[in-house]
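Worksheet: the structure to be examined is printed underneath.
The values are calculated or read from the model by the stated rules, or taken from the named source; none is laboratory data. If you're wondering where the values come from, they're calculated on a predicted model, not measured in any experiment. Note: ideal-geometry Cβ built from the backbone for every residue, glycine included; neighbour counts use all protein chains shown.
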Amino acid sequence: MLARFNVIYRLAILLCLFSANAQGYEVGDSAFKSNNLSEPNNLRKIGPLNCPETELDALIVSDLTEVITQQHFTLLGKAKLSVLFWDIYESSLLTTDGQVPFSHVCQHSLFEIQYLRDISKQDLLDNTAAQWRHLSLNENEYLTFLPLLEKIWLDINAGDRLSMLNQKDKTLFYLNGKNIGEIQSLTFAETFLGIWLDENTSEPKLRLKLLGNSI
C-alpha cells in the first residue's frame, strides 16, 4: 500500500506541478491574447527598447531582498496550488506599476513561488516542457530555453522561494533571494509566464487569483 501511495503521489506532482494558472487572459490590448509568443506583445506595441533610466534599473540585483520587493513592486495576487491532499506551492505575481505583466516594455515583473514540498530540478524541467507542449507552442519557441534552465535551476526543498524578475530583455532567477542565473531574451519571460497566464490554462480560478484586480 505504501509503495502504491508513493507512486500516486509522484504522478500527481508530475501532472499538476505547473498546471495551476496555466492559461492567459484577454484584457483589451494586453499580453497573452494568443499562444503566439514568438514576438513579445509589448515590443509590438511600443517599439524599440528605449526606456528612460530610473531607479528601477537598480532592481537588477544580486540579492532580491524583501525591502526591494516592498518598495518597488505592487502585488497583483496570490494563489496556492494543491494536488489532492497535498499543498505544493504558493505563488505571487507583482509588477512595478500594478498593471498586468508585459503591459509595456519598461515595466518590471516579479513572479515568486514558495514551495511547500521538495521538488527535483528534473521534475521542474519536465513539467515546464510539458506545460509548453500543453499550450501548443511550436518547439522552436521554447526548446532553446530548456538547456539554459537546466544550468540555472537547482533541486528545491520545502520552504525554498524561487523568484523570476524580468525587465526588457533580461530575466533573472533567484533562490531564496540569491541570484542563481539569468537569461537574455526578448521572448523568454513572456513564454515562461505563459505557463500560468496563457489563455489555455487548466486552472482559470487560480489564474484569477494571481491576476487579482488587474483584470
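Results, tabulated for the structure shown:
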item: When residues of the stretch 176-195 are limited to those that are of a type outside the set (S, T, N, Q) and surrounded by fewer than 19 Cβ atoms within 10 Å (Cβ to Cβ), the one nearest to W132 (Cα to Cα); result: L186
item: Any hit, the stretch 105-124, residues being part of a helix (DSSP H, G or I) and either of a type in the set (D, E) or touching a residue at least 40 places away in the same chain (Cβ under 8 Å) (or both); result: yes
item: Verdict on D123 being of a type outside the set (K, R) and under 25 Å from L75 (Cα atoms); result: no
item: Criterion (within 24 Å of K78 (Cβ to Cβ) and in contact with a helix residue (DSSP H, G or I) (Cβ under 6 Å, 6 or more places away or on another chain)) met by exactly one of Q131, Q114; result: Q131
item: Only listed residue being farther than 23 Å from C106 by Cα, surrounded by 18 or more Cβ atoms within 10 Å (Cβ to Cβ) and charged (D, E, K, R), chosen from R133, R207; result: R207
item: Some residue of the stretch 47-60 being surrounded by fewer than 13 Cβ atoms within 10 Å (Cβ to Cβ), part of a helix (DSSP H, G or I), among the β-branched types (V, I, T) and at pLDDT below 95; result: no
item: Residue within the stretch 119-138 that is within 19 Å of V61 (Cα to Cα) and among the β-branched types (V, I, T) present; result: no
item: The lone exception for D126 - which of (1) crowded, with 16+ Cβ neighbours inside 10 Å; (2) under 20 Å from W86 (Cβ atoms); (3) of a type in the set (D, E, K, R) it fails; result: (1)
item: Search result, residues across the stretch 183-204 that are touching a Gly at 6+ places or on another chain (Cβ under 8 Å) and of a type in the set (S, T, Y); result: T201
item: Flag if Q71 is surrounded by fewer than 16 Cβ atoms within 10 Å (Cβ to Cβ) and of a type outside the set (K, R); result: yes
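Yes or no, residue by residue, for (1) under 27 Å from K205 (Cβ atoms); (2) touching a strand residue (DSSP E or B) at 6+ places or on another chain (Cβ under 7 Å); (3) of a type in the set (A, V, I, L, M, F, W, C):
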site	(1), (2), (3)
E66	no, no, no
Q71	no, no, no
K80	yes, yes, no
T95	yes, yes, no
G98	yes, yes, no
S103	yes, no, no
L110	yes, yes, yes
A130	yes, no, yes
